[in-house]
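Only one structure is covered here, and it is reproduced in the block below.
The values are calculated or read from the model by the stated rules, or taken from the named source; none is laboratory data. Because the structure is predicted, anything quoted here is derived from the model rather than measured. Methodologically, a virtual Cβ is constructed for each residue, glycine included, from the backbone with ideal geometry; neighbour enumeration extends over all protein chains shown.
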Amino acid sequence: MTVKDTFVLGDYNAVCFECGRKKKASFLVRHWKGYYVCPEHNESRQPQDFVAAPRPATTPSWTQLPVDVFVVTGFPPAVPYDPNAP
Ligand SMILES: [Zn+2]
């Protein structure tokens with residue numbers, strides 16, 4: 001059944017994106033996808049859309065500073081560094 005258009009100051013006619021029925025624009029609500037629908041055709045967004053996978057650990061459980069180990073060998077003979085040497 002078609003309802004006659006009625007004049008409402010400041011309002012206009014719009015079509016529901018889901019059912020295609022003509023309604024007043026102030027009656028329609030914005031769907032989460034961006035289009036406008038009747039309030040009874042509006043649906044909330046699926047909560048699973050917001051589920052994020054847990055982030056893997058990017059740091060190791062423990063660390064320590066490296067310790068330099070100098071190995072003195074017999075050949076060539078180890079000579080202390082002298083900056084004034086010719
Ligand atoms: Zn509708």
ask   = Could we say that Ser26 is of a type outside the set (Asp, Glu) and under 22 Å from the mean Cα position of the chain (by Cα) here?
value = no
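Are any residues in region 11-56 hydroxyl-bearing (Ser, Thr, Tyr) and assigned to a strand (DSSP E or B), and if so, which ones? It would help to see each step written out before you state the result.
To start, the set of residues in region 11-56 that are hydroxyl-bearing (Ser, Thr, Tyr) comprises 12, 26, 35-36, 44.
Scanning region 11-56 gives a single hit, Tyr36.
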query = Which numbered condition trips up Pro39, out of (1) surrounded by 10 or more Cβ atoms within 10 Å (Cβ to Cβ); (2) modelled with pLDDT under 95?
reply = (2)
ask   = Cβ-Cβ below 8 Å, separation at least six or inter-chain, first residue in region 59-81 and part of a loop (DSSP other than H, G, I, E, B), second at pLDDT 70 or above: which pairs?
value = Ala78/Val72
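Among the residues of region 13-28, is there at least one that is exposed (fewer than 10 other Cβ atoms within 10 Å of the Cβ) and away from the ligand (no atom under 16 Å from the Cβ)? Before you say what the answer is, go through the steps one by one.
Kept after step one, since they are exposed (fewer than 10 other Cβ atoms within 10 Å of the Cβ), are these residues of region 13-28: 20.
Those still in the list that are away from the ligand (no atom under 16 Å from the Cβ) too: none.
No: zero hits.
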